[in-house]
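Following: one structure in structure tokens, then a few remarks.
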Amino acid sequence: MNELYGYLKYAGGRLLVRLFGLKVFSYSSINEDNIIDWLTGYKREGTYIDIGANNPDVTNNTKLFYLRGWRGINIEPAQHEFGLLELARPGDTNYNCAIGTGIVTFFEGEDDNTGNTFDYKLATERHLKRSRQLTLKPLSEIFSENKLTHVDFISIDVEGYEVEVLKSNDWTKYQADVLCIEGSGYSYLKQFGYRKVFWDGHNSYYKLFKKFHFMSKLKEYVIDHGFWYKLYLKLKLRFDSTAGITKQQIAEQLGPRPVILEIGAHVGSDTVEMSVLWPQGKIYAFEPLPDIFKRLKFKTKNFSNIELIPAAVTDHDTGGTQEMFVSTVSDASSSLLKPKDHLLYCPDISFSEATTPIRTVILSDWLRSKKIEKIDLIWIDAQGMELNIFKSLGEQISNVSCIYTEVSLTEFYEGSGTYEDIKTYLGGFGFILIADDFQSGQLMGNALFKKNQ
């Protein structure tokens, strides 16, 4: 009954807006607060985070709740509007900052701040003349600083920068029951238990499903307790039905104590499986992006034969840092190389306008510093940098026994080598192709090479 009442209230409000320009029971631009009220269950008290809060009285998604007795956090980078929030919301916590990671350019209008954006293309279309550099604050830090792990809802309206805001939070640790996000296409949230439940023509509304939340907590518990996690991984490896190249196939090429370099470890799913498969081996896992590295660190904390390196592997001297092109939907597509055919063949995956500075190492220098002379396996998924990294090793590549690498049939990133380029280069050092896992019609896959003794 409550859901029916909420929808009728919303629909009636939208009708009045469309026919007469009137808003009833709403301080939002198109009745977003009524929809949020409906989705959160008409609570008398609650907590919110408003990212891109704008004016506290006009087109504001949280005023309705503040007047009712709710309290929360407002985030607004524009100085004038932040001053208004400070005056109008003494019961809230107000931040004069923007949310995300890294440093970006903030484009502002002269008077009305509703068109302000971090997107250069939008700024050009809107003829925004003023700009300044902002150091972004991750959403996870907002939760942490305010000693929160849960809020009732988060409203996000940041003019094209919504995905970067979402990816700056650890959704396994900090959550909201309802999300109101300007725009659409936030499939990234699905992995954390959020499902899209409403679309008002301008905003997407997501709810956290508790069943998934329970499974997420169970997964955390298993990972946190090494014995059960290792048992699960052993069973998973034992009954692996992967259609491609399995780790058991790779194990046939190696001894019981391999030295493994994993370049592009991501969150550690392959890292922990290799640790269990080769308990007497040593695995060095490289991952540069801070948020992903945190997840990698959590997943691998009970595995003593894994050493983590918070850096990307590059092919030339960059002074220890380099800009990375960060993907906004699938965080597994980020690269040191500028995306090229990736934009054509994977249109659902976009990249941030602003690059992110990350720590880098040259592999040959790193190997010398660690006094590692022989490598049994290089496991590499570096989004187009694979051939560049192989070339940067020079003659040291002769000290490698096996290579498992991502390969592609086209130039997904500018300057990336194709599958044929990699086969030709490795063949020149005596590597032979053991297997690849390309399926019909695929442009990207993996290949296993072994040094011909």
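When the residues of region 67-81 are narrowed to those that are of a type in the set (D, E, K, R) and over 19 Å from Leu148 (Cβ atoms), which ends up nearest to the chain's Cα centre (by Cα)? Walk me through how you get there before you give the answer.
Applying the first criterion (of a type in the set (D, E, K, R)) to region 67-81 yields 68, 71, 76, 81.
Filter once more, keeping what is over 19 Å from Leu148 (Cβ atoms): 68, 81.
Working: Arg68: 35, Glu81: 29 Å.
Only one residue fits best here, namely Glu81.
Just checking, how many residues over region 226-240 are among the acidic types (Asp, Glu) and out of contact with any Lys or Arg (no Cβ under 9 Å at 6 or more places or on another chain)?
In the first step, residues of region 226-240 are kept if they are among the acidic types (Asp, Glu); the result is 240.
Still in the list and also out of contact with any Lys or Arg (no Cβ under 9 Å at 6 or more places or on another chain): none.
Within region 226-240, residues that are among the acidic types (Asp, Glu) and out of contact with any Lys or Arg (no Cβ under 9 Å at 6 or more places or on another chain) number 0.
Could you tell me whether any residue of region 321-328 is surrounded by fewer than 19 Cβ atoms within 10 Å (Cβ to Cβ) and more than 23 Å from Glu411 (Cβ to Cβ)?
yes
What about Asp50, is it surrounded by fewer than 23 Cβ atoms within 10 Å (Cβ to Cβ), charged (D, E, K, R), modelled with pLDDT of 85 or more and at negative phi?
no
Condition test on Tyr174, is it over 14 Å from Ile51 (Cβ atoms) and at pLDDT 85 or above?
No; evaluated as a whole, the condition is false for this residue.
Just the residues that are surrounded by 13 or more Cβ atoms within 10 Å (Cβ to Cβ) and touching an Asp or Glu at 6+ places or on another chain (Cβ under 9 Å), please, taken from region 188-211.
Of region 188-211, the ones surrounded by 13 or more Cβ atoms within 10 Å (Cβ to Cβ) are 188-189, 192-194, 196-198, 200, 203-209.
Residues satisfying the conditions are Tyr188, Asp200, Asn203, Ser204, Tyr205, Lys207, Leu208.
I'd like the full set of residues that are within 23 Å of Tyr221 (Cβ to Cβ) and outside any loop (DSSP other than H, G, I, E, B), limited to region 160-194. If you could, list the steps in order and put the result at the bottom.
Going residue by residue through region 160-194, those that are within 23 Å of Tyr221 (Cβ to Cβ) are 169-177, 189-194.
Once the filter is applied, which keeps residues that are within 23 Å of Tyr221 (Cβ to Cβ) and outside any loop (DSSP other than H, G, I, E, B), region 160-194 yields Gln175, Ala176, Asp177, Leu189, Lys190, Gln191, Phe192, Tyr194.
Kindly indicate whether Lys173 is assigned by TED's automatic domain parsing to the domain that holds Ile30, closer than 29 Å to Lys301 by Cα and basic (Lys, Arg). Break it down into steps so the answer makes sense when it comes.
Values: assigned by TED's automatic domain parsing to the domain that holds Ile30: yes; closer than 29 Å to Lys301 by Cα: yes; basic (Lys, Arg): yes.
It is true that Lys173 is assigned by TED's automatic domain parsing to the domain that holds Ile30, closer than 29 Å to Lys301 by Cα and basic (Lys, Arg).
Identify the residue in region 381-439 that is in contact with a strand residue (DSSP E or B) (Cβ under 6 Å, 6 or more places away or on another chain) and charged (D, E, K, R) and, among all such residues, is farthest from Arg368 (Cα to Cα).
Filtering region 381-439 for residues that are in contact with a strand residue (DSSP E or B) (Cβ under 6 Å, 6 or more places away or on another chain) and charged (D, E, K, R), the one farthest from Arg368 (Cα to Cα) comes out as Asp437.
In region 390-420, what residues are within 19 Å of Val361 (Cα to Cα), of a type in the set (A, V, I, L, M, F, W, C) and either free of Cβ contacts under 8 Å to residues at least 12 places away in the same chain or surrounded by fewer than 23 Cβ atoms within 10 Å (Cβ to Cβ) (or both)?
Residues satisfying the conditions are Leu393, Val400.
Which one is surrounded by the most Cβ atoms within 10 Å (Cβ to Cβ) among residues in region 61-81 that are within 24 Å of Lys167 (Cα to Cα) and modelled with pLDDT under 95? Steps first, answer last, please.
Taking region 61-81 and keeping what is within 24 Å of Lys167 (Cα to Cα), we get 61-62, 72-78.
Now restrict to residues that are modelled with pLDDT under 95: 76-78.
Details: Glu76: 26, Pro77: 22, Ala78: 21.
Within region 61-81, the match that is surrounded by the most Cβ atoms within 10 Å (Cβ to Cβ) is Glu76.
Can you find even one residue in region 267-277 that is within 21 Å of Val163 (Cβ to Cβ) and of a type in the set (S, T, N, Q)? First the steps, then the outcome.
The initial filter retains those residues of region 267-277 that are within 21 Å of Val163 (Cβ to Cβ), namely 267.
Still in the list and also of a type in the set (S, T, N, Q): none.
No - not one qualifying residue is present in region 267-277.
Any residue in region 431-453 that is more than 30 Å from Leu343 (Cβ to Cβ) and β-branched (Val, Ile, Thr) sitting within a Cβ distance under 7 Å of a residue that is surrounded by fewer than 17 Cβ atoms within 10 Å (Cβ to Cβ) and at pLDDT below 95? List the pairs, counting only those 6 or more apart or interchain.
Correct list of pairs: Ile432/Asn452.
Which residues, taken from region 372-389, are in contact (Cβ under 8 Å) with a residue 40 or more places away in the chain and of a type in the set (D, E, K, R)? Step through it out loud before you land on a result.
Within region 372-389, the first condition is being in contact (Cβ under 8 Å) with a residue 40 or more places away in the chain, and the residues that meet it are 372, 374-385, 388-389.
The answer is Lys374, Asp376, Asp381.
The values are calculated or read from the model by the stated rules, or taken from the named source; none is laboratory data. Source: prediction; values computed, not measured. Methodologically, a virtual Cβ is constructed for each residue, glycine included, from the backbone with ideal geometry; neighbour enumeration extends over all protein chains shown.
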